[in-house]
Amino acid sequence: MKTKILSIIMGIVLFGCSESMNQNTDNVKNYPVDVPVKLLSSQSSSSSCNPNLEGDTVYIFNSREELTNDLSCLDVRNIDWNESSFLAVKIQRFNADSKVTKSSLQEVSAGQYQLNVEITPSATQNVAPLYFYMTVPKLSKDADIGLSISIPEQFNVGTFQLKGTQWKLAGYVDVSTGKMTDAEPKDCAQCYTLAFQSDSLGTGKSVGNGIAVDLTLHPFFRVLTEINDRETGNAALFYEAAKTIDMHFWDSEGLKFFYNNRKNYMLYKQVSTEDLSENNNKKVKLEGHAYLFINSVSDETMGKLQQERDESGIVAWMVYNNQTNSATLHILSQKENSTSIIKNYPEYAKQWEVSSAGQKIYYRGDAIWTGAYLSVPPFVGYDLELTLLEKSKN
């Protein structure tokens with residue numbers, strides 16, 4: 001039998017009850033009641049035995065015959081089925097090769113149980129299913145088991161998800177001495193930065209080059225462009241280190257990439273978008289030709305726009321949504337891609353008749369930088385106050 005997990009809590013989880021739960025009239029048990037647990041094994045999907053179990057589920061087996069073919073790889077020969085139940089648990093996502101280090105089971109009310117498990121994360125940020133198995137005194141097949149997951153306090157950095165996080169290289173650490181060589185130049189907000197679009201994929205910069213990171217493929221770092229910036233600060237050290245990275249690890253200090261046979265590591269510290277910005281409240285002038293569309297742009301029309309880039313390699317289009325009364329300006333170039341929220345789209349322009357092919361326009365305005373997404377080229381956001389918007393004469 002299987003029972004769905006009630007809750008999974010990453011971090012330190014303390015389960016307890018200051019008072020006994022409401023008792024039945026016979027008052028046979030004072031809940032919660034501790035139930036003995038014998039942990040048999042824990043393993044990640046990197047092992048040779050990967051049962052086909054549903055994720056985040058606790059399975060209860062009360063006989064060898066109940067074990068499916070999917071569990072035939074498990075050694076259950078020493079289980080006393082007359083006295084014991086066999087529990088199989090699969091956590092859908094955890095650090096690969098992590099281990100269960102503590103476990104306890106409590107009956108919190110009649111037929112209701114809470115399984116508390118401490119998992120020590122492995123020294124990798126790769127995620128994979130985690131399986132663990134245990135025996136407990138005989139349980140009813142209808143028992144309802146909730147699950148709480150905790151990790152040791154020294155690993156508790158809030159969450160083990162990289163998606164949506166941003167990082168900046170602090171320096172290069174000697175493992176034997178703990179001494180760190182600072183990443184240089186220090187006065188460059190966007191140098192040596194990473195932004196993760198998923199738990200394993202990210203993009204960012206060295207000093208002048210764009211980089212991509214794939215935490216599933218050694219050596220994890222890949223340089224996307226060919227700007228010679230090795231003489232800037234100690235960028236040469238970055239490139240030499242990146243070639244020999246063979247392990248990554250995330251702890252309370254930061255995100256570590258070990259290199260030089262793990263004698264050194266690059267230490268990245270998590271930062272916010274504001275920390276990476278040299279451009280807070282930066283004002284820029286935006287001006288040029290664009291195409292105006294109402295509500296949306298078709299894929300076919302967008303393809304034509306891409307082919308009609310102007311001499312500078314820029315393509316721009318503006319969209320006025322008459323349902324939400326909002327407007328945006330989009331610009332693609334080799335330097336940056338940007339989306340500007342237009343704060344004062346003029347009333348007269350709302351009356352224009354615009355075909356699905358678009359209306360060529362000329363715009364001018366003052367834009368304030370509002371944020372950036374680290375990509376190659378960078379994706380930038382602006383708030384735009386138009387000072388001119390007119391139909392193009394040609």
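Just so you know, all these numbers are worked out from the coordinates, no wet-lab data involved. This one's a predicted model, so the numbers in the text were calculated from it and none came from an experiment. Backbone-built Cβ (ideal geometry, glycine too); neighbour counts: all protein chains shown.
By how many nm would the segment from Asn52 to Leu40 grow when fully extended, if each residue of separation counts as 0.36 nm and the alpha-carbon distance is taken off?
Values: separation 12, 0.36 × 12 = 4.32 nm, distance 1.84 nm.
2.5 nm is the gain from fully extending Asn52 to Leu40.
By a straight-distance test (C-alpha under 19 Å), which lysines pair with Lys168 as possible cross-link partners, with residues fewer than eight away in the same chain excluded?
Lys179, Lys186, Lys205, Lys243, Lys256, Lys269
Treating only the Cβ of Lys, Arg, Asp and Glu as charged (+1, +1, -1, -1), what charge dipole size does the stretch 283-391 show about its Cα centre? Round to the nearest 20 debye.
Working: 10 positive and 13 negative charges, 26 e Å.
Dipole size: approximately 120 debye.
Cα gyration tensor of the stretch 166-271, axes a ≥ b ≥ c as square roots of the eigenvalues: rounded (a/c below 1.5), prolate (a/b > b/c) or oblate?
Numbers: a/c = 1.31, a/b = 1.08, b/c = 1.22.
Note, shape of the stretch 166-271 comes out rounded.
Need the full-extension length gain, Ser326 to Leu388, defined as separation in residues times 0.36 nm minus the C-alpha distance. One decimal, nm.
Details: separation 62, 0.36 × 62 = 22.32 nm, distance 1.70 nm.
The Ser326-Leu388 span can extend by a further 20.6 nm.
Quick one: go through the stretch 321-339 and flag any residue whose amide nitrogen is under 19 Å from the point 7 Å out along the Cα-to-Cβ line of Ser296.
Only 321-330 pass the distance filter.
Determine the gain in length on full extension of the stretch Asn337-Val354; use 0.36 nm per residue of separation and subtract their C-alpha separation, reporting nm with one decimal. Intermediate results must be reported in sequence, preceding the final value.
Numbers: separation 17, 0.36 × 17 = 6.12 nm, distance 2.50 nm.
Going from the current span to full extension adds 3.6 nm.
For Ser200, enumerate residues with amide H under 5 Å from its amide H, sequence gap 5+ or separate chain, H modeled in the peptide plane.
none
With a ≥ b ≥ c taken as the square roots of the eigenvalues of the C-alpha gyration tensor of the stretch 283-391, please select rounded if a/c is under 1.5 and otherwise prolate if a/b is larger than b/c or oblate if it is not? Intermediate results must be reported in sequence, preceding the final value.
Values: a/c = 1.60, a/b = 1.16, b/c = 1.38.
Because a/c hits 1.5 or more and a/b fails to exceed b/c, the stretch 283-391 counts as oblate.
How far is it, in nm, from the label point at Lys99 to the one at Thr216 when both lie 7 Å from their Cα along the line to the Cβ?
Computed distance between label sites Lys99 and Thr216 equals 2.7 nm.
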